[in-house]
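Just so it is clear, none of the values below were taken in a lab; they were calculated from the coordinates. Predicted model, so just to flag it, every value in this text is computed and none were measured. Glycine also receives a Cβ, built like all others from the backbone with ideal geometry; neighbour counts cover every protein chain displayed.
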């Protein structure tokens, strides 16, 4: 087969799988603003300052701006080989259905038991905790992908885990809870009466649907009040985007294997983990070599941190206990509607993704309504045979829109998106869409202002 004969699925061999993560920060000409200590508002520049919350090695990765590549420990590499490399798939059937001259590819991250890309960082974070002698971990989860992935990794490395699952997601996706518990995790709907910060949130609003920011606050309190425990986060942080860079590295290797030059790269954006990891090597080429890739971030219209948020310092949690990060944010006090893409219901965006969007290395952010997202997801499922997660379907929506634009102009662009996971635990959402009961919600300017009013005053920082 010649390089120009593109197969339906491009597989890499184990020998072609990257053995080091790519640290995009080492190539960024403009670094994102430093994290701030929540008590003093002083910049955090020493990993020891993060030690009460994160493992030492992860804290070092969080602040690393020098090393372009960070080698994976052998134990993590061997774990990755259980489900990686993941395939890059040509969506021939979708192209035909749309009647577009565009070529559409998707990197499929859902072919592992957790059903999503989250396992890439979960394995790394649990490994480093185990190596340090940590006794237990805590975390939060929205739709449940991160909690599921971390439960799997904790079971493999024999590490106890407590998961605070956003209340509305725990009600919408009870089988996610069952999977996490099967792997040995303790799952608590958030906010809960098991933490002091949770009790305060429930006292303020007994009927709250919960948010990722609330669940983060509970998970951190549980970690810092338990013996030799640490907190883990599935998105937003630099360390998480570092681990997810294996997605972009594999994608780039697969494209180069067949001389495929992408024009448009698309990823859904909640906290930034999959988008950041997927686009990392391509963004690096834009920064260092002036590459002409168009990178598009896609977020829900109900939680539009990039398209309608402010680029400002904010707390990463509702309880205001975490370090402050400069990011596109709706304010840690913003409570989004209970959409089915629970993994995208976060008030802020990764500092790396935010800085790249601010500098227009990420060219565009689009906010899309969930009925249009499920319309795209249903079409994709019918022609490509994979039932996509609601989060991933945001990227599918814009990939279809870009392909239809090519149909109008006659341009044969190459479109690549990241299919972050499967939607087999989201059947209630699909049923709601099919029945016509699904509604779209777009927050008003007044509702957004309530979130902005919660932004901390950090002066001229």
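Shape analysis of the range 314-461 yields a ratio of the Cα radius of gyration to the Kirkwood radius, Rg/Rh, of 1.01.
Relative to the dominant Cα principal axis of the chain, helix 390-409 is inclined by about 30°. The alpha carbon centroids of the range 184-252 and the range 284-358 are separated by 17 Å. Only bridges with both residues in the range 45-184 count here: give the DSSP antiparallel percent, nearest 5. Percent antiparallel among DSSP bridges in the range 45-184 is about 40. Between the beta carbons of residue 381 and residue 186, assuming R0 = 35 Å, the FRET efficiency works out to 0.55 to the nearest 0.05.
The largest-to-smallest principal axis extents of the Cα set in the range 22-111 are 57, 32, 23 Å.
Using 0.36 nm times the number of residues separating residue 411 and residue 111, minus their current alpha carbon distance, what extension gain do you get?
104.8 nm
Here 432, 78, 447 are placed in order of increasing Cβ neighbour count within 10 Å, fewest first, which gives 78, 447, 432. Compared with the alpha-carbon gap, the fully stretched path from residue 289 to residue 131 is longer by 53.1 nm at 0.36 nm per residue.
Taking a ≥ b ≥ c as the square roots of the eigenvalues of the Cα gyration tensor of the range 224-285, is the shape rounded (a/c under 1.5), prolate (a/b larger than b/c) or oblate? Verdict is prolate for the range 224-285. Cβ crowding within 10 Å, taken as a proxy for footprinting-reagent exposure, orders 65, 307 from fewest neighbours to most as 65, 307.
Compute the distance from the alpha-carbon center of the range 398-461 to that of the range 101-138, in whole Å. Measuring centre to centre over Cα atoms gives 22 Å. Computed extension gain for residue 259 through residue 37, at 0.36 nm per residue and net of the alpha carbon distance, reaches 75.3 nm.
Taking 8 Å as the Cα distance limit and 6 or more residues as the minimum spacing, I'd like the relative contact order of the range 314-436 as a percentage. That works out to 18 percent. Taking other C-beta atoms within 10 angstrom as a stand-in for reagent exposure, 347, 358 fall in the order 358, 347, fewest first.
Before anything else, pin down the relative contact order of the chain: Cα pairs under 8 Å, at least 6 apart, normalised by residue count, whole percent.
20 percent
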